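Please read the structure below before turning to the comments.
The values are calculated or read from the model by the stated rules, or taken from the named source; none is laboratory data. What you see is a predicted model, and the numbers here were worked out from it, not measured in a lab. Virtual Cβ from ideal backbone geometry, glycine too; neighbours counted across all protein chains shown. Note: areas computed on protein heavy atoms with side chains; ligands, DNA, RNA excluded. Shrake-Rupley method; radii C 1.70, N 1.55, O 1.52, S 1.80 Å.
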Protein chains: 2
Amino acid sequence: MSTSLFFTSVVNHVINMGNFTRCSGWARNRSGQFRGWPNFMRTMATGGKDVGDCNCLERTEKCFVTIENMNPCLKRMEYAVRGPLVIRASEIEKELQEGVKKPFSEVIKANIGDCHAMGQKPLTFIRQVLALVSYPALLDDPRFPTDAKARAKDILAGCRGGSVGSYTDSPGIEIIRRHVAQYIERRDGIGSNWENIILSAGASDAIKSVMKLLVNEVDGKKSGVMVPIPQYPLYSATLAEFNMHQIGYYLDESRAWGMDIAELQRSLDEAKKHCIPRAIVVINPGNPTGQVLSRENIEEIIKFAYKEELFIFADEVYQDNVYDPKSKFHSFKRVLIEMGEPYHKMELASFMSCSKGYMGECGLRGGYSEVINLEPDVRTMLFKSISAMLCPTVLGQSVMDVVVNPPVPGEPSYEEFTKEKKAVLNSLAERAKMVAETFNSIEGVSCNEVQGAMYAFPKLDLPKKAIEKAESLGQCADVFYAFQLLENTGICIVPGSGFGQKAGTFHFRTTILPQPDKLKIMLNKFKEFHLKFLTQYK
Amino acid sequence: MSTSLFFTSVVNHVINMGNFTRCSGWARNRSGQFRGWPNFMRTMATGGKDVGDCNCLERTEKCFVTIENMNPCLKRMEYAVRGPLVIRASEIEKELQEGVKKPFSEVIKANIGDCHAMGQKPLTFIRQVLALVSYPALLDDPRFPTDAKARAKDILAGCRGGSVGSYTDSPGIEIIRRHVAQYIERRDGIGSNWENIILSAGASDAIKSVMKLLVNEVDGKKSGVMVPIPQYPLYSATLAEFNMHQIGYYLDESRAWGMDIAELQRSLDEAKKHCIPRAIVVINPGNPTGQVLSRENIEEIIKFAYKEELFIFADEVYQDNVYDPKSKFHSFKRVLIEMGEPYHKMELASFMSCSKGYMGECGLRGGYSEVINLEPDVRTMLFKSISAMLCPTVLGQSVMDVVVNPPVPGEPSYEEFTKEKKAVLNSLAERAKMVAETFNSIEGVSCNEVQGAMYAFPKLDLPKKAIEKAESLGQCADVFYAFQLLENTGICIVPGSGFGQKAGTFHFRTTILPQPDKLKIMLNKFKEFHLKFLTQYK
């Protein structure tokens, strides 16, 4: 199928999807019910071919699980970072491989914080330790540095039978949990108990495990969780899957995406009519916004959470990614403890990952949560609830160990490790600046400074005609824009509606991860496309 | 605390837990509500010390999440394989390290199928490939065989940016999914579509992902899933977590734990009053029972599932573990397809893992499901629902690749790989025989042949006085027995009530995984303990 034909079929499909609440989601109708999405996605995923050896469309009577009788929560769930646009991007990649002519020669995937995919190199020391624990015969190899060997031996000593192939305790290997606690102590200057550390297969796994504690329904009211808008869609997806109520609070774009307590209060008061608010999620540094919260802002949030009796989820996976010299990362744990009575005994879960920072080891699935001040009985239930999944990947745990226990001055790998780490972070800082400056230099685009994390979330001032055109296709204008950008330039970004945005505004999220040369090309292409788009719909 | 004091405190705690349905679970009261368990577990896990830096018992008013308002499903959920007995076993290990005197010098953990922990060595080829993909600098190393390098290069070519540190597609790397499909084709002689393969972080992850599709409630009736009794408690834990109805069907101990269709019908008819049956789980080879289903039995089950419109979950993680020369593994997929109309178009999910078989790579978390004949819209929802978790660990995927794509004749690693694989499987076969024979030689113990998998599930004929003693302590007799065994011999097994058993019967599950010398010692110790126990309660 040619690109234009394909795009027309997608658009037709979208038109046929019916009456959607504009921009609240990509594929939900007014009553919140699922409509049309599977056909749309299936067509996109397979280019219209039948899927697998299944041909159920002709024999519906024999499928016992149908779209009508399946889990309704999964139907509602959306995850824009891997949504239809990304599926189409993969399609285009295949078309390019097959020789289909396009106005571009490659797809640039700026949709997901996938560092190594965009050319970032793994840190040597991390991979040396991984190789050593995987294949301990290498412990005799003189080409491996002694500090890497020492780390590997410590990890192996913590593994039953001395093998990373054995199950660990469900919250992870004790020595690694202890290293995590020591890392947090060094970071915050405040004690951390290793028994409060739970290792996980990436931060997402940990977030879901803790969020699961709050699922409940009392007198017909479900538990509600406050999440920022825009938000990282893991949260909306998890809340949909768990059948919980999402309480969206808007970040203040005019104040560098800061958090405004009056807005927190407004959203909470509104939500109390429909649900029982139980928790607040804060992403700091922000995804997709790139903001870094000030200490004052964090204190206000903690006071608010205390007043409203909310469990705090501090998503701090970008804690190493702060670029703005005026900004500094403050952990919620530290601020909360330093605030003293009565705040220092509040329930807080903080999340970290080896997928972000300077490591970018997304595929290895390492992460942890520090969960403090839980009621002991609830804590026991948390630990029990993770036990049926046995344990997080031991190699992911091992990577986390290296991250929290890196080479120190005097160790043979210290210099190389530090050099590699700094090179990644410095380059990211440059790219953060380049991205925001470029967007701000383009007519109809404005972008807050990327203080931290790995994303920019620029605002698009779209012409009225473009919005009307999108409406006529039954699409959000930002989705229409994103598809046009992809089909014309190969650049894959995620429309703002996948993260949430104020009604009537349009944004998109792009990562700052393409390597500098490619990022320049991408931004130039973007600019060219955008100006053409403005002209076209003037 | 001394052992006897600790045990007394546990027992007292159990007494204080109130009125439990005997042996239906470990810690549930008659109305199904959670009672007392957290204190019990907390005490066991910490030896009575306060946990972490949390001291909420003195400040209940400040804990926002309490045992009363938390997720009720997680409170009900149980996972006996890592339950109180195992927690106590870990405690005892620490006590031994600290020099506490015991009537034994080490704890033998026969509670969990954790091969490497019990001394099994990882296969060289698997670990070589892992080291190579983790640290590709080793691709130049002449000490690594060319076939391991070829596997590693294929995997890396499938990784974005050539790094296992990048995210893969949510169902896994295409080339590995293709290898899995080819493996299934070779196994069954029947086509397999790689697009129906979903790689996962162990089989548990895959099972939960597919089970999640079935969660629903219609007219106040929840979805129900048929699971064998005895069953692997992942299923009961998952059904509790998902708030689904568990329909237990008894396996027939008198017929080598075979499945009796009349019993399936009985349990289903009974359950229809309370729930909407949606699926049937079959574990073959069986866990904890060790049975291998005959082809005829599988055909009967498929016919039953068709008649009752049930989705089939075929837990086939032990497919390489068949020891009985008269038994043969038949995949549900193959039988279902070979049965032809109308069965060959039934919905079926089959699960595999790299944790079992001859690999035993539990800690690396690799697995896959083959899901066939889904309604395309449901299939799309399944793929969407796994996308928010990004991807399973790439190193777990890599291990799965080696398992389904092992060295072939003519490749340099073929001989060593085959030798190592055979050594593991032959030794397991010997141990399977030794375990069943030994149990059957002991008064008051009977055990079906261990045809496959990694466990025996012997029946205990306990003296009336022992049952009364356990009752007086508020315990199931098999739990009482298991605690006594642990405290007196250091042998950790799992009581039958953790898996389910017919009322009035008592069993336990032991793995056959201790290495032969240690297994002999364990069985001798067991025999000695058991005979003493019989004498004591005669």
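With an 8 Å Cα cut-off and a minimum separation of 6 or more residues, compute the relative contact order for region A:105-262 in percent.
Details: 130 pairs, mean separation 16.5, N = 158.
Relative contact order, region A:105-262: 10 percent.
To the nearest 10 degrees, how steep is helix A:295-307 against the longest Cα principal axis of chain A, on a 0 to 90 scale?
90
Using only the Cα atoms, what convex hull volume per residue in Å³ does region B:419-461 have? Mind dumping the intermediate values first?
On the way: hull volume 2.0 nm³, N = 43.
Cα convex hull per residue, to the nearest whole number: 47 Å³.
Name the residue farthest towards the positive end of the dipole of region A:419-538 from the options A:G444, A:G474, A:F457, assuming +1 on Cβ of Lys and Arg, -1 on Cβ of Asp and Glu, about the Cα centre.
A:F457
Return the percentage of antiparallel bridges among DSSP beta bridges fully within the protein assembly as shown, rounded to the nearest 5 %. It would help to have the intermediate numbers written out before the result.
Working: 48 of 92 bridges.
Among the beta bridges of the protein assembly as shown, antiparallel pairing accounts for roughly 50 percent.
Would chain B count as rounded, prolate or oblate if I go by the C-alpha gyration tensor, calling it rounded below 1.5 in a/c and otherwise prolate when a/b exceeds b/c, oblate otherwise?
Cα axes put chain B in the rounded bin.
How far apart, in nanometres, would the label points at A:D252 and A:A157 be if each is projected 7 angstrom from Cα along the Cα-to-Cβ direction?
Distance between label points: 5.2 nm.
Regarding the protein assembly as shown, what's the average projected area of the Cα-atom convex hull, expressed in nm²?
Numbers: hull surface 158.6 nm².
For the protein assembly as shown, the mean projected area of the Cα convex hull comes to 39.7 nm².
What's the FRET efficiency of B:A150 with A:K464 using the Cβ-Cβ distance as r and R₀ = 56 Å, to the nearest 0.05?
Values: r = 58 Å, r/R0 = 1.04.
E between B:A150 and A:K464, to the nearest 0.05, is 0.45.
Across peptide B:66-77, how many C-beta atoms of other chains are within 10 Å of each residue C-beta, on average?
Working: counts 4, 7, 4, 8, 14, 12, 3, 4, 10, 5, 0, 5.
The shielding value for this peptide is 6.
Using the crude model of +1 on Lys and Arg Cβ and -1 on Asp and Glu Cβ, and no other charge, please compute the dipole size for region A:174-404 relative to its Cα centre, in debye to 20. Numbers along the way, then the final one.
Working: 25 positive and 31 negative charges, 51 e Å.
Dipole of region A:174-404, to the nearest 20 debye: 240 debye.
Counting Lys +1, Arg +1, Asp -1, Glu -1, what net charge surrounds A:Y250 among other residues with beta carbon under 13 Å of its beta carbon?
Working: positive: A:R255, A:R266, A:K502; negative: A:D252, A:E253, A:D260, A:E263, A:E270.
Net charge around A:Y250: -2.
With a/c under 1.5 counting as rounded, go ahead and sort region B:132-270 into rounded, prolate or oblate using the C-alpha gyration tensor (a ≥ b ≥ c being the square roots of the eigenvalues; past the cut-off, prolate if a/b is larger than b/c, else oblate).
Details: a/c = 2.92, a/b = 2.14, b/c = 1.37.
Prolate, because a/c is 1.5 or more and a/b exceeds b/c.
Using +1 at the Cβ of each Lys and Arg and -1 at the Cβ of each Asp and Glu in chain B, identify which of B:S369, B:F533, B:S267 lies farthest towards the dipole's positive end.
Toward the positive end, the furthest listed residue is B:F533.
Say the cut-off is 26 Å between C-alpha atoms; which of B:K94/B:K538; A:K464/A:K532; B:K518/B:K538 go over it?
On the way: B:K94/B:K538 34 Å; A:K464/A:K532 15 Å; B:K518/B:K538 30 Å.
Long pairs (Cα-Cα over 26 Å): B:K94/B:K538; B:K518/B:K538.
State in Å² the accessible area per residue of the protein assembly as shown; use a 1.4 Å probe, count heavy atoms of protein chains only, and round to the nearest integer. Working shown, then result.
Numbers: 37280 Å² over 1076 residues.
That works out to 35 Å² for each residue.
May I ask you to give the percent of accessible area on chain B that is carbon plus sulfur, with a probe radius of 1.4 Å?
Numbers: 9290 of 18640 Å².
In chain B, the share of accessible area belonging to carbon and sulfur is 50 percent.
What nm distance separates the two modelled labels at A:D269 and A:E185, each placed 7 Å from Cα along Cα→Cβ?
It is 4.5 nm.
Given A:K356/A:K419; B:K75/B:K527; A:K208/B:K421, which pairs have Cα atoms separated by over 27 Å? Walk me through the numbers on the way to the answer.
Details: A:K356/A:K419 18 Å; B:K75/B:K527 37 Å; A:K208/B:K421 37 Å.
Too far apart for the 27 Å limit: B:K75/B:K527; A:K208/B:K421.
What is the angle, in °, between the Cα long axis of helix B:124-134 and the longest principal axis of the Cα atoms in chain B? Nearest 10 is fine, range 0 to 90.
In chain B, helix B:124-134 runs at an angle near 70 degrees to the longest axis.
Tell me which of A:N71, A:A206, A:Y167 sits at the most positive position along the dipole axis of chain A, charges placed on C-beta atoms (Lys, Arg +1; Asp, Glu -1).
Going by the Cα projections, it comes out as A:N71.
Need the list of lysines near A:K153 for cross-linking: C-alpha distance under 20 angstrom, and skip anything on the same chain fewer than eight residues off.
Within the straight-line limit of under 20 Å, A:K153 reaches these lysines: B:K121.
Peptides B:199-210, B:388-399: what's the order by average Cβ count within 10 Å, highest mean first? Walk me through the numbers on the way to the answer.
Working: B:199-210: 25.3, B:388-399: 28.7.
Highest to lowest by the protection proxy: B:388-399, B:199-210.
Shielding by partners for A:85-94, please: the mean number of other protein chain Cβ atoms within 10 Å of each residue's Cβ. Don't jump to the answer; show the numbers that get you there.
Details: counts 0, 2, 4, 0, 0, 1, 0, 0, 0, 0.
That average works out to 1.
Rounded, prolate or oblate: pick one for region A:316-359, where a ≥ b ≥ c are the square roots of the eigenvalues of its C-alpha gyration tensor, a/c under 1.5 means rounded, and failing that, prolate if a/b is larger than b/c, else oblate. Numbers along the way, then the final one.
Details: a/c = 5.28, a/b = 1.68, b/c = 3.14.
Cα axes put region A:316-359 in the oblate bin.
In peptide B:121-127, how many Cβ atoms from other protein chains are near each Cβ within 10 Å, on average? Could you put the intermediate results ahead of the total?
Details: counts 4, 8, 1, 2, 0, 3, 10.
Partner-chain Cβ atoms within 10 Å, mean over residues of B:121-127: 4.
Give the A-B buried accessible area in Å², both sides summed, 1.4 Å probe, nearest 100.
Values: alone 23650 and 23650 Å², together 37280 Å².
So the buried area, both faces added, is about 10000 Å².
What percent do you get for the relative contact order of region A:174-404 when only Cα pairs under 8 Å and 6+ apart count? Don't skip to the end; give the middle numbers.
Values: 406 pairs, mean separation 54.9, N = 231.
It comes to 24 percent, rounded to a whole number.
Quick check on packing: order A:96-102, A:234-240, B:484-490, B:415-421 by the mean number of other C-beta atoms within 10 Å, highest mean leading. Please report the intermediate quantities before stating the final value.
Working: A:96-102: 10.6, A:234-240: 24.3, B:484-490: 20.0, B:415-421: 15.7.
In descending order of packing, they fall as A:234-240, B:484-490, B:415-421, A:96-102.
Let's see if you can work this out: charge +1 on each Lys and Arg Cβ, -1 on each Asp and Glu Cβ, no other charges. What is the dipole magnitude of chain B about its Cα centre, in debye to the nearest 20?
For chain B, the charge dipole is close to 1020 debye.
Can you work out the FRET efficiency for the pair A:D140 and B:D140, with r the C-beta to C-beta distance and R0 = 25 Å, to the nearest 0.05? Walk me through the intermediate numbers first.
Values: r = 18 Å, r/R0 = 0.71.
After rounding, the FRET efficiency stands at 0.90.
Distance from the Cα centre of region B:186-215 to that of region A:304-343, in angstrom?
For region B:186-215 versus region A:304-343, the Cα centre distance is 40 Å.
With charges set only on the Cβ (+1 for Lys and Arg, -1 for Asp and Glu), what does the dipole of the protein assembly as shown come to about its Cα centre, in debye to the nearest 20?
Numbers: 130 positive and 126 negative charges, 98 e Å.
Dipole magnitude for the protein assembly as shown comes out near 480 debye.
For helix A:261-271, what angle does its Cα long axis make with the longest principal axis of chain A, in degrees from 0 to 90 and rounded to 10?
70
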